[in-house]
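See structure below.
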Amino acid sequence: MQALPAKSQTQPFSFLEKIWRNYTLRTVIQSIFTVWAVITFIFFLVRLMPGNPIEIYVNYLINSENLTYEQAYNRAASQFQFDPSASWLEQYFGYIGQLLRGNLGESITSTGTKVIDQIMRFLPWTVFCVGLALLLSFVLGMLFGMIAAYYRNSWIDNLISIIAAILGAVPDYIWGLMIIIICGVQLKWFNVGDLRGTFDPSLQPGFTFAFIFSVIQHALLPILTYVMGTVGFWILAMRGSTTSTLGEDYVNIARARGLSQGRIITAYVGRNASLPLFTLLAINIGFVIGGSIIVEELFVYKGLGSFLFWSITQRDYTTMQGILLMITIAVVFSNMLADLLYSRLDPRVRISGDS
Amino acid sequence: MEEPILEFKKISRSFKKGRTVIPVLQDIDLQVQPLEYLCLVGESGCGKTTSGKILTGLLRPSSGQLFFEGRDVSTLKGADYTHYRRSVQIIHQDPYASLNPTHTIYNSMSFPLFRHKLVKTREQARARVAELLEVVGLTPVRDVIDKYPHQLSGGQRQRVSIARALTTQPKVIVADESVSMVDVSIRISILNMLMAMRETLGVTFVFITHDLALAKYFAWKGRIAVMYLGRIVEIGPTPEITLSPEHPYTKSLLSAIPEPDPDKTRTKEQIRLRSEDIPRLTELPAGCSFHPRCPWFVPGLCDKSVPSLEPFAASELRLACTPLSQGKGLNLFETRNLA
Amino acid sequence: MEDNLVLSVQDVSIIYQVARGNVKATNNVSFDLYKGEALALIGESGSGKTTVSLSFIKMLPSAAKVTTGKALYTREGKTVNIFELNEERMRAFRWQDCAMVFQGAQNAFNPVLKIKEQFFDTAKAHGWRKRKEVYDRALELLKLVRLDPERVLESYPHELSGGMKQRTLLALGVLLDPQVVILDEPTTALDILTQRAIIDVLKEMQGRLGFSIIFISHDLALAAEMASQVATMYAGEMVELGTVDEIFYESLHPYTLGLLQSVPRLERGQDELTSIKGNPPDLIDPPSGCKFHPRCDFAEAKCAEKKPEFATYEKEHKVACWFPEKVIEARQGLWEKAS
Ligand SMILES: Nc1ncnc2c1ncn2[C@@H]1O[C@H](COP(=O)(O)OP(=O)(O)OP(=O)(O)O)[C@@H](O)[C@H]1O
Ligand SMILES: Nc1ncnc2c1ncn2[C@@H]1O[C@H](COP(=O)(O)OP(=O)(O)OP(=O)(O)O)[C@@H](O)[C@H]1O
Ligand SMILES: [Mg+2]
Ligand SMILES: [Mg+2]
């Protein structure tokens, strides 16, 4: 076997083309562009919603404190750092300018609080709750999906597939409602009111058993809800992927080679069947940050989702933009992560990525 | 000599894959004479199907011209172009993929009849389809005409694809590996049928295959063009190509093919290549692309310039080999590290 | 001779249970395989070649059932019936005693593991845990199949070409020194020159290591080159069995003769080929008597009524036909052993 003289067939290329050919660099540039496009879109979208923060507050004042419109408007305008008369374009360039300096701005309605601080207050709860749920759902899905594929067309497979299809077909908030109504209200297994918030407010945050227990207790129902809402998808995805892997020649040959069932299931079937799922998982990580507005509202779980909902009702433009920006970045970067991860796991991609 | 019905003039074709350009065909010159038997043979990926697609107008060449009945196809317009497309048909490599599984045989076959306005009514269409199925030996027709492709055997399906290619009354049919997927026992009957169609219907066949023995049977009275990595390396009358080829690649190919005769195959002279790896199209070696494998490699000659297809000595062969066309003959290249 | 018997297949029948009924894929197949022999199973698509050989390593799909027969395997004086091995014994038997390379196994290696890991996996599954030893043996075997051993072991499967993969698989196949290697169409998807390399390598390996081969193919030329014994299969039955010379020069069954008459031969002038008329039978509802009679040129009334025994004609040459004399007469002057 002798090496053949390599002769490139491509024409000489310019400097710009060279940059474009660099895979990593290209991905980064594409990602940054995506983020910019999305935040611009969001910026105008939030302002297209009916009403602005001042009007919402004015209405609130008129209704609750019986002020005249004039009085209410003056008070609102003096409290908020927001000038409704500034043109959108002015606002936009101001916002982008701030962003480039790494500043998300201050909340419009809660004067003096930085958006970034607010986000950091709510984000960990969502990451904890949804992240754990995603992981759980993923692991369970892989397990049951693989079992179903192994016993394809038997009663086990039918049972798992039917349950997965039902779980997948019903949205998570319906599961949440059903849990509250059936387990909480009718069976009275727990008191829904006790489980509001992210932990028992009478406890001091810290590494105490009582506090950690309370955190888990409060997160349990939302996690259960998320898992029920998503596990069906993972089961079916894994089942499909495993089924096609089981038909591959190398699995048959592995059997013919006399490998043990355990080794075949893990290194030959499992590893190959889960490849596409890991990419999906990475993409889903992006959505973890956003949480789920409805489920968090339902369980009064103080995460980023319910915070986003609140800022929308208040038309708190800067806060909304801040949260949505976080979500965008998370989605875009988890996509990049997915690519990267895939090329780590699959040697076939690894090579072509290098060249 | 008659005017060729189809002619390739310096045709090249490349595909772009991302940033790399894959040169699939390079500088092909080829004439298809009316009613001749012409075979394109070569190993997988050498560009046979691509040539066939260019002949039938399914692909455009990247450079060079295709002539149909003496006229440049790229200049044909309207009725002339339709005439060309109707006159040159292809039977695709894969009989499974080329028939729509949700259409009955009648549906699949009547569609081109209506589209080319060759029939007006359903009765006419049915009669014509039945007639064509009879031509390809699918009798009794009523057993086949309303079936779906999966209800037919591989051989029957292949006959249907042939019948479908006949719907537009073509002058040339490009048969791409038309019998590779059917069984040995029925292969010959399909080939014999194709050969008979040439007589009765006046169709010229361009037969594409990787099986030299089949090519020899089909085109005994015609010509074989041997392709390697996107070029024709040798072309000539079938008996000469199969019994006394000159080009090193054709020689190697022939010596590598086992014979269905135990004594002959055991005593056949073997040519050992210098390397068993086929170069990639994107990393073609300089000069003659066969030189890294060629047992008769001449350093400093074969790896310098690309040989062009030239008439060889007194034979009717045309071949592309620098040492041969310079009259140097072939001398085995000493392989030093054979161990 | 008796003590060299490795595999004795006796009266094996296998059916597939499908919605429409039972597909009788293998009927009463019997043959003996001796040490160092290469037995070729030839026959058209669907004749049950793959089915019967899958049964020897108990890897038939779940729809299949072995209804009669035994497969007696002998190693070092001990004989077992393969069909009676339990799951754990069977696991050990696979690859260590009988390695099978499947049809079209271009995808035979796990894409996410390096080749060397797949060698280690195989060794470990059979209780051979010394990585160094396995590695050295792998190096040796890969050299035998003419590959660059270090490079191949460190590669992932996709970094190897089709031919290299096939050769690597052959090396892996003999890693545990099996007595029987089953090769199902080992060269079908490969190029002519690559196919030649595989044939040569296989012959060399067999000469050195002395295993027996069961070789499945519908390419008669390959069988002529590779095999010492040839068995013709038709519609799930073995219809003729003999040495390679007997089958090719003294064939006794009309189907074998039909196959031989339908393959083109490269080394000769113009071929006179005939095809076998008709189509392969439906295995759910096969013809009565001799299953070949509807397609046979020599058939008489008796053939449709009564099934001929698969019996010895002379020496080791067996045939299932009522009128082998007619075949002998028909093949006179067609071709002879050149000696
Ligand atoms: N659309 C396409 N895009 C990129 N590459 C292509 C395309 N079509 C064909 N090729 C490449 O061109 C080369 C020649 O292909 P072609 O199908 O003509 O070969 P062939 O001689 O017909 O081979 P085979 O015997 O396998 O059918 C191959 O390397 C193939 O990968
Ligand atoms: N899983 C299956 N279920 C039902 N029938 C099957 C199955 N596998 C094979 N058969 C049938 O059994 C018969 C024998 O098939 P087999 O694969 O053994 O043939 P073969 O001689 O290996 O053919 P080929 O040359 O095409 O590989 C065929 O008629 C086929 O349709
Ligand atoms: Mg092709
Ligand atoms: Mg088979």
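The values are calculated or read from the model by the stated rules, or taken from the named source; none is laboratory data. Because the structure is predicted, anything quoted here is derived from the model rather than measured. Positions of Cβ are generated from backbone atoms using ideal geometry, with glycine treated the same way; all protein chains shown enter the neighbour counts. Quick note on the areas: whole protein, heavy atoms, side chains included, nothing else; ligands and nucleic acids left out. Shrake-Rupley method; radii C 1.70, N 1.55, O 1.52, S 1.80 Å.
Label-to-label distance, A:Ala37 versus B:Thr75, with points set 7 angstrom from Cα along the beta-carbon direction: 4.5 nm. When you filter the GluC sites (Glu not before Pro) in the stretch C:154-222 for DSSP loop state and at most 16 other Cβ atoms inside 10 Å of their Cβ, you are left with C:Glu154.
Would you work out if chain A is rounded, prolate or oblate? Take a ≥ b ≥ c from the square roots of the eigenvalues of the alpha-carbon gyration tensor; rounded if a/c is under 1.5, else prolate when a/b is larger than b/c, oblate otherwise. Oblate, because a/c is 1.5 or more while a/b does not exceed b/c. So which aspartates and glutamates can B:Lys268 reach, going by Cα to Cα under 15 Å and dropping same-chain residues fewer than 8 places off? Filter leaves B:Glu259, C:Asp200, C:Glu225, C:Glu267. Pairwise Cα separations in the protein assembly as shown fall into 20 Å bins from 0 onward with the following percentages, short to long: 10, 32, 32, 18, 7, 1, 0. Per the accessible-area calculation with a 1.4 Å probe, the total area buried between chain B and chain C rounds to 3900 Å².
For chain B, adding -39500 (n - 2.57) for each run of n ≥ 4 DSSP H residues and dividing by the number of residues yields -9000 deg cm²/dmol at 222 nm. Multiplying each eigenvalue of the alpha-carbon gyration tensor of the stretch C:108-258 by 5 and taking the square root yields semi-axes of 33, 16, 13 Å, largest first, rounded to whole angstroms.
For A:Ser244 and A:Val28, a Förster radius of 45 Å and the Cβ-Cβ distance give a FRET efficiency of 0.85, rounded to the nearest 0.05.
Have a look at B:Pro292, B:Pro248, B:Pro260 and tell me which one the Gaussian network model of chain B (Cα, springs below 10 Å) gives the largest fluctuation. Of B:Pro292, B:Pro248, B:Pro260, the most mobile in the Gaussian network model is B:Pro260. For the stretch A:117-185, a Kirkwood hydrodynamic radius built from all Cα pairs, placed in the Stokes-Einstein relation at 4 °C and 1.567 mPa s, yields a translational diffusion coefficient of 90 µm²/s. The calculated FRET efficiency for the pair A:Thr68 and A:Arg196, based on their C-beta separation and a Förster distance of 56 Å, comes to about 0.90. Applying a DSSP loop filter and a limit of 16 other Cβ atoms within 10 Å to the trypsin sites (Lys or Arg not before Pro) in the stretch C:95-134 leaves C:Arg129, C:Lys130.
Over the protein assembly as shown, give the accessible area per residue in Å² for a 1.4 Å probe, as an integer.
Per residue, the protein assembly as shown has 46 Å² of solvent-accessible surface.
Once the partner protein chains are put back, the stretch C:177-221 shows a loss of at least 50 square angstrom of accessible area, versus the chain by itself, at C:Asp191, C:Ile192, C:Leu193, C:Arg196, C:Ala221 (probe 1.4 Å, ligands and nucleic acids excluded).
Residues of the stretch B:171-191 that bury at least 30 Å² of accessible area once all protein chains are present, compared with their chain alone (1.4 Å probe, heavy atoms only, ligands and nucleic acids left out), are B:Asp183, B:Val184, B:Ser185, B:Ile186, B:Ile188. Leaving ligands and nucleic acids aside, the B/A contact buries around 1100 square angstrom of accessible area in total at a 1.4 Å probe radius.
If the segment from C:Leu5 to C:Thr67 were pulled out straight at 0.36 nm per residue, it would be longer than the present Cα-Cα gap by 19.9 nm.
Can you send over the carbon and sulfur percentage of the accessible area for the protein assembly as shown, probe radius 1.4 Å, protein chains only? Mind showing how you got there, number by number?
Values: 26760 of 47210 Å².
Ligands and nucleic acids excluded, carbon and sulfur give 57 percent.
Helical content alone sets the calculated 222 nm signal of chain C at -9500 deg cm²/dmol, taking -39,500 (n - 2.57) per DSSP H segment of four or more residues and averaging over every residue. DSSP finds beta bridges in the protein assembly as shown, and of those with both partners inside it, around 60 percent are antiparallel. Between A:Ala86 and B:Ile22, the distance separating the two model label sites (each 7 Å from Cα on the Cα→Cβ line) works out to 5.6 nm. Size estimate for the stretch B:6-228 follows the Kirkwood approach: the inverse of mean 1/r over distinct Cα pairs works out to 18.1 Å. Select from the stretch B:269-300 all residues whose loss of accessible area on going from the chain by itself to the full protein assembly reaches 50 Å² or more (probe 1.4 Å). Hits at the 50 Å² cut-off: B:Glu276, B:Asp277.
Using only Cα coordinates, the Kirkwood hydrodynamic radius of chain C works out to 21.2 Å. Cross-link partners of C:Lys114 among lysines, defined as those whose alpha carbon lies under 20 angstrom from its own and excluding same-chain residues fewer than eight positions apart: C:Lys124, C:Lys130, C:Lys132, C:Lys143, C:Lys165. Applying 0.36 nm per residue to the separation of A:Leu99 and A:Ile181 and subtracting their alpha-carbon distance, the gain on full extension is 25.1 nm.
So, R0 is 51 Å and r is the distance between the beta-carbons of B:Asn107 and A:Phe287; what FRET efficiency does that work out to, to 0.05? According to the calculation, E is roughly 0.65. A straight Cα-to-Cα reach below 21 Å connects C:Lys24 with the lysines C:Lys49, C:Lys58, C:Lys65, C:Lys70, C:Lys291, C:Lys306, C:Lys307, residues fewer than 8 places away in its own chain not being considered. Chain C against chain A buries an accessible area of about 2300 Å², both chains summed, 1.4 Å probe radius.
For chain A, the longest piece that avoids every one of the trypsin sites (Lys or Arg not before Pro) found in DSSP loops with at most 16 other C-beta atoms within 10 Å covers A:197-355. Exposed loop sites, defined as chymotrypsin sites (Phe, Trp or Tyr not before Pro) outside DSSP H, G, I, E and B with at most 12 other Cβ atoms within 10 Å, are absent from the longest region of chain A, namely A:14-188.
Full-extension gain between B:Leu35 and B:Leu58, please, as 0.36 nm times their residue separation minus the C-alpha to C-alpha distance.
Details: separation 23, 0.36 × 23 = 8.28 nm, distance 2.20 nm.
Once the chain is fully extended between B:Leu35 and B:Leu58, it gains 6.1 nm.
Report, as an integer, the average count of C-beta atoms from other chains found within 10 Å of each Cβ along B:74-84.
0
Bridges between two residues of the stretch C:88-247, per DSSP, are antiparallel at a rate of about 40%. Putting +1 on Lys and Arg Cβ atoms and -1 on Asp and Glu Cβ atoms, find which of C:Leu257, C:Gly242, C:Pro287 reaches farthest to the positive end of the dipole of the stretch C:233-338. Going by the charge dipole, the pick is C:Pro287.
Once you order the gyration tensor axes a ≥ b ≥ c over the Cα atoms, which shape class does the stretch A:211-336 get: rounded for a/c under 1.5, otherwise prolate or oblate by comparing a/b with b/c?
Prolate, because a/c is 1.5 or more and a/b exceeds b/c.
Does the stretch C:35-114 come out rounded, prolate or oblate, given a ≥ b ≥ c as the square roots of the eigenvalues of its C-alpha gyration tensor, rounded meaning a/c under 1.5 and, failing that, prolate meaning a/b above b/c? The shape class here is rounded. Note on chain B: antiparallel DSSP beta bridges, both residues inside, total approximately 60 percent of the bridges counted. Global size of the stretch B:209-339: 14.9, 44 Å for Rg and Dmax (C-alpha atoms, Rg to one decimal, Dmax whole). Based on Cα contacts under 8 Å between residues 6+ apart, chain C shows a relative contact order of 19 percent. For the stretch C:81-163, taking the reciprocal of the average inverse distance between every pair of different Cα atoms yields a Kirkwood hydrodynamic radius of 14.2 Å.
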